[in-house]
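The values are calculated or read from the model by the stated rules, or taken from the named source; none is laboratory data. Quick caveat, the model's predicted, so the values are computed rather than measured. Using ideal geometry, Cβ is built from the backbone for each residue, glycine included, and neighbour counts are taken over all protein chains shown. Note: areas computed on protein heavy atoms with side chains; ligands, DNA, RNA excluded. Shrake-Rupley method; radii C 1.70, N 1.55, O 1.52, S 1.80 Å.
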Amino acid sequence: MKIASVAGDTVATATEVAPPVESPRGAVPHERKGAVGARLAPLAVATATLMEFVDSTALSTALPTLARAFQSDPVHLKLALTSYLLALAVFAPASGWAADRFGARRVFVFAMVVFLLGSALCGMSQTLWQLVAARIVQGVGGAMMTPVGRAIIVGSAPRDRLVSAMAWFTMPALIGPLIGPPIAGFILSFAEWRWIFYVNLPIGIAGIAAVLAFAPNLPPEDAGRFDSTGFVLTAVGVSALVVAGESLGVGLLSTPVEVGLAITALVTLTLYVRHARNTAKPILHVALLTRPSVRASILGGSLVRLGLGATPFLMPLLLQVALGWTPAKAGAVTIASSAGVLACKPFAAPLLKRFGFRPVLLATLLGTALLTAVPALYDAATPVWFMLVTLFAGGLVRSLQFTSTNSMTYANVEKSEVSQASTLSTVAQQIAMSLGVSFGGLLLHATRHGDGTLTAAQFVIPFIVIGATTLLAIPVYLRLPANTGAAIAGRTT
């Protein structure tokens, strides 16, 4: 069988494939197995993201409960969110090299084991700082799971089916936000908060079995030497940036220390860019940013996530602290957002094929900005049906926005560069999400009363600002060529 290379993908030439041997019922066993495997592989790999989203949304719902358990200010509980995101951003750069060196599936399974260990440690935490440390362990596992899992799917999917494969890959992950809030509400109503972490264990064990059974075992590639200098520079730079953002305006660190961290971040990340230009295989392949689709996906997506990153932190505090709702009621209402995300997935590929990436990105960006700001209207008199409708619509447009940006990353990336592109995208996303949480905390801190109480009125400015922040991506998307991503969207023009 002759093999042809098309746009970086290896495909079999149809006219030179030997005809299959039919079974007695006329079925084609190896084709049927391949079709089932192509569908089950993204689902199996996505069990990792399912765990992450169940964990993160459940934790967000439990923030007020954890604040009481650890006798801490609810605003400071964002450390439990940002510590995880920080670990993701610091260790994700090494995931691409590890996947190439040891094989993507082996690294992926190892990452799931580390994440499960972190989940168990979170459940056993006795103090806030123990929880933060355990979340960092989770983050080390998550840092490898997401980019390596995405690389497995992108590396094994035909280019013209990439959007569909990415949609299937993210579909199970969307169940996480769908079931995370009600699971957390149920657990917090009838059991200890620790069980919001222990619930990851059975999901993860089943996921490991599914990955070993269905995920393609892509062979290792020539990874070259590990870029230890680049790893140290990015680790120091990203850590300094995130910690400075975490402390800004809330008094966790003194002003001189915050300034010193900001300068450290600027210097080390600048040194890394210079280092990457003179390194054959840098740990973060920043040269990919010279390609319009990669640059727009990462820069535009990061600006959107900077605004949206604050929502999982602000929403539980608004509903449970300011409005006095129970965790179960808050989880039941916020599930509408995840339902909207899930409902959009079957339409992502057809819409991109019909209209193209640039129009879809711009339209969904406007909708995302508006619907992200809508919770500024929520107060004790707001009808529940209005909350459900607006949260559902917000989840729907955000789903299409992120499916488009995630797919567009690979529009002009060769197969040999998939792991580097996935790693670069993941690091940028996690930095943006982490800074988004800190941004939301800063806005809320600035509007608090002197006695520390939280009211619905104090959430008006934060939600309006984070909604407006997403609009910063408009100039980035406007500069995209009209035919961007035509091949992966299945468009002829």
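Scanning region 207-236 for residues that are within 30 Å of residue 126 (Cα to Cα) and either open to solvent by 60 Å² or more (accessible area, probe 1.4 Å) or of a type in the set (Val, Ile, Thr) (or both) yields 208, 236.
Scanning region 162-177 turns up no residue that is modelled with pLDDT of 85 or more, under 18 Å from the mean Cα position of the chain (by Cα) and in a helix (DSSP H, G or I).
How many residues are charged (D, E, K, R) and not in a helix (DSSP H, G or I) if we restrict to region 55-83?
So in region 55-83, the residues charged (D, E, K, R) come out as 55, 68, 73, 78.
Narrowing the set further to residues that are not in a helix (DSSP H, G or I) leaves 73.
Summing the residues that are charged (D, E, K, R) and not in a helix (DSSP H, G or I) in region 55-83 gives 1.
Of the residues examined, residue 133 is not one that is assigned to a helix (DSSP H, G or I) and either modelled with pLDDT under 90 or among the polar types (S, T, N, Q) (or both). Considering only residues that are open to solvent by 30 Å² or more (accessible area, probe 1.4 Å) and among the hydroxyl-bearing types (Ser, Thr, Tyr), which ones fall in region 255-286? Residues satisfying the conditions are 255, 264, 270, 279.
Matching residues to (1) modelled with pLDDT of 80 or more; (2) not hydroxyl-bearing (Ser, Thr, Tyr):
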{"site": "64", "(1), (2)": "yes, yes"}
{"site": "76", "(1), (2)": "no, yes"}
{"site": "99", "(1), (2)": "yes, yes"}
{"site": "125", "(1), (2)": "yes, no"}
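Could you please find all residues in region 108-124 being open to solvent by less than 10 Å² (accessible area, probe 1.4 Å) and touching a residue at least 40 places away in the same chain (Cβ under 8 Å)? Talk me through it step by step, then tell me what you get.
Pass one, region 108-124, residues open to solvent by less than 10 Å² (accessible area, probe 1.4 Å): 108, 111-112, 115, 118-119, 122-123.
Those that are open to solvent by less than 10 Å² (accessible area, probe 1.4 Å) and touching a residue at least 40 places away in the same chain (Cβ under 8 Å): 108, 111, 112, 115, 119, 122, 123.
Within the bounds of region 404-414, is there any residue that is farther than 30 Å from residue 220 by Cβ, in a helix (DSSP H, G or I) and not aromatic (Phe, Trp, Tyr)? Yes: one or more hits. Candidates in region 53-77 are the residues that are in contact with a Gly (Cβ under 7 Å, 6 or more places away or on another chain) and crowded, with 24+ Cβ neighbours inside 10 Å; of these, the one that is farthest from residue 312 (Cα to Cα) is 54. State whether the residues of region 406-419 include one that is of a type in the set (Gly, Ala, Ser), closer than 30 Å to residue 78 by Cβ, at pLDDT below 80 and open to solvent by less than 20 Å² (accessible area, probe 1.4 Å). Checked region 406-419: no residue is of a type in the set (Gly, Ala, Ser), closer than 30 Å to residue 78 by Cβ, at pLDDT below 80 and open to solvent by less than 20 Å² (accessible area, probe 1.4 Å).
Among the criteria (1) at pLDDT below 85; (2) over 29 Å from residue 187 (Cα atoms), the one residue 364 does not fulfil is (1). Counting only helices (runs of 4 or more DSSP H) wholly contained in region 182-281, the ones carrying 3 or more residues that are under 30 Å from residue 330 (Cα atoms) and in contact (Cβ under 8 Å) with a residue 24 or more places away in the chain occupy 195-198, 200-214, 228-247.
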